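Q: The structure under discussion is supplied below as structure tokens; questions concerning it will follow.
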Amino acid sequence: MATPSLPPNFEWGFATAAYQIEGAVAEDGRGPSIWDTFTHLTPTRTKGANGDVACDHYHRYEEDLELLKRYGAKAYRFSIAWSRIVPLGGRDDPVNEAGIAFYNKLIDGLLEKGITPWVTLYHWDLPQGIENRYGGWLDVEESQRDFERYARVCFERFGDRVKNWITLNEPWIQSIFGYATGGNAPGRSSTNPQSTAGNTPTEPWIAGKAQIMSHARSVAAYNKDFRPTQNGQIGISLNGDFYEPWDADDDRDKEAAERRMEFHIGWFANPILAPANRAPFLVGSLKQDYPKVMRDQLGDRLPPFTPADFAILNSAETDFYGMNYYTSQFAHHRTSPPSENDYIGNLDELQEDKNGVSVGAESGIHWLRSCPGMFRKHLSRVYRLYGKPIYITENGCPCPGEDKMTRAESVEDAYRIKYFEDHLDAIGGATGDGADVRGYFAWSLMDNLEWSDGYGPRFGVTFTDYDTLERTPKKSALLLQKMLAERGVDING
Ligand code: PNW
């Protein structure tokens, strides 16, 4: 029995995203998104996979609510598909009542079961209508206004029952994979041979600013027009690994590790979450501007915030930091000057340190090793720098070899069980160190479309049979509740 280490009222549950599970892409008036387009390109850039059916959650949501109930979940994080609500995406485009009706059924179904909805407004599925109209996230002025209007529709129609909002999921991945490497929709890049358009040195930074301003505008709208009556909270989910120096004795590697985290997290957290008590060597960074290390490397490729932008940023007080955490790495400085295509801070990222010591146990996907010790440090660092309550909005893994496993093998997910236990203990540790961590969402409720990796990697606590769409709980799904109870969480509360 683990020592009680989490608060009794700790929030917890499971997370998903619309395009990864819903399917029904052309039903009830849903408009296409950039992911529909991207998954249907020839030659394929998603291992032949698309989200046309996915887990068919759109038709099977009642069964999925039953799973949540069975797993004892206190909360459920899902995303709304913007193009179900506003099929063409723009602020003057019509609202689709059938799309509203679907999410009403989902929200009401959760509440009937005593499960708290946590709603992400944007999990990478930009309406194709505004991609076509003005280039989507590349038009900073248009996209932030369209996002604000879409967010307002959601607050208006769902905010009487939804009290926990996440504006954007992982703007870093949207910006970099969408516009630097081209690995995700809209697939733009000037370095990827499969991309037909893009500009890696400039576009990711523009898309990043568009998302920062979209977050700020929607938070400002919530605070002004909805919070007084709805009394909810609103945050953003940022990804970002923890980095340690490749050579613990080399100051240049220590700086590289910190710089890497600024390029991952500070990019968005600085302008969005007015940094409270910055680390001493970062004190030079302007309050709420991008991190100084980014400005130094990227110069005016990083679009500045105008006084009007700052007015919006300063009017948008964000309630919490949503942390998507999967893994950690080592950072090794480079001595040559950075390439224009660099987006990580001119360094190498490695899974072994100078002495060949692995950062953690390998999982079922190359980029993820289990590093709970560094997770604990990460929580403390993020809390120290940004000073906001933290909710872990994603954490999880595929087990080694799980992509090749049968259902019977996959449900025996010992690696995942240990991963969850170790990461919950890290949260307990960080809480003991003083970090304010208030909740945890396991990624994911079920195996689903892992974006450009297709249906291979299985991050779910529920096994999805993609031929029959039958769901089967893995052992971890049923054990998570017990793990939380053992750590002091009131699971009946
Ligand atoms: C997140 N990486 O994305 C997303 O929010 C989820 O939709 C996704 O399914 C989940 O993590 C698992 O991948 C990431 O390469 C994608 O480091 C890639 C990385 C990290 C997060």
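Only the coordinates and a few stated rules stand behind these numbers; no lab work does. Predicted, not measured: the structure shown is a model, and the values here were computed from it. Every residue, glycine as well, gets a Cβ built from its backbone with ideal geometry; the counts of neighbours run over all protein chains shown.
Q: LEU298: net charge of surrounding residues, Cβ under 14 Å, Lys/Arg +1, Asp/Glu -1, itself excluded? Can you show the working numbers first?
A: On the way: positive: LYS209, ARG259, LYS292, ARG295, ARG301; negative: GLU203, GLU262, ASP289, ASP296, ASP300, GLU340, ASP342.
Summing Lys/Arg as +1 and Asp/Glu as -1 gives -2.
Q: While we're looking at this one, here's another question. Measure off 7 Å from each Cα along the Cα-to-Cβ vector at ASN314 and ARG145, then give the distance between these two points in nanometres to one decimal.
A: Once both label points are built, they end up 2.4 nm from each other.
Q: Find, among the chymotrypsin sites (Phe, Trp or Tyr not before Pro) in region 325-377, those assigned to loop by DSSP (not H, G, I, E, B) with at most 13 other beta-carbon atoms within 10 angstrom.
A: Numbers: sites: TYR325, TYR326, PHE330, TYR343, TRP367, PHE375; in loops: TYR325, TYR326, TYR343, TRP367.
Sites meeting the loop and neighbour criteria: TRP367.
Q: Can you tell me the alpha carbon radius of gyration of the chain divided by the globular rule-of-thumb value 2.2 N^0.38 Å? Please report the intermediate quantities before stating the final value.
A: Details: Rg = 21.1 Å, N = 493, 2.2 N^0.38 = 23.2 Å.
Against the empirical 2.2 N^0.38 Å value, I get 0.91 for the chain.
Q: If you put +1 on each Lys and Arg Cβ and -1 on each Asp and Glu Cβ, how big is the dipole of region 23-141 around its Cα centre, in Debye rounded to 20? It would help to have the intermediate numbers written out before the result.
A: Working: 13 positive and 18 negative charges, 96 e Å.
For this selection, approximately 460 debye.
Q: Let me ask another. In the chain, once you exclude exposed trypsin sites (Lys or Arg not before Pro) (DSSP loop, at most 16 other Cβ within 10 angstrom), what's the longest stretch remaining? Can you show the working numbers first?
A: Values: sites that count: LYS47, ARG91, LYS113, ARG161, LYS163, LYS287, ARG334, LYS354.
Here the longest run is 355-493.
Q: Determine the shape class of region 24-79: with a ≥ b ≥ c the square roots of the Cα gyration tensor eigenvalues, call it rounded for a/c under 1.5, and otherwise prolate if a/b is greater than b/c, oblate otherwise.
A: Here region 24-79 falls in the prolate category.
Q: Charges on Cβ only, +1 for Lys and Arg, -1 for Asp and Glu, centred on the Cα centroid of region 358-481; of VAL359, GLY434, SER370, which one is farthest towards the dipole's positive end?
A: GLY434
Q: Okay, next question. Please state the charge dipole magnitude for region 11-486, taken about the Cα centre, from unit charges on C-beta atoms (+1 on K and R, -1 on D and E), reported in debye and rounded to the nearest 20.
A: In total the dipole reaches around 940 debye.
Q: Same structure, new question: In the chain, if the dipole is taken from +1 on Lys/Arg beta carbons and -1 on Asp/Glu beta carbons about the Cα centre, which of TYR179, PRO201, PRO127 is farthest to the positive end?
A: Among TYR179, PRO201, PRO127, the one farthest towards the positive end of the dipole of the chain is PRO127.
Q: What percent does the relative contact order of the chain come to when contacts are Cα pairs within less than 8 Å and at least six residues apart? Let's see the in-between values first.
A: Numbers: 1060 pairs, mean separation 88.5, N = 493.
Relative CO of the chain lands at 18 percent.
Q: Which of VAL411, ASN448, PRO304 sits farthest toward the positive end of the charge dipole of region 11-486, with +1 on the Cβ of Lys and Arg and -1 on the Cβ of Asp and Glu?
A: Selected residue: PRO304.
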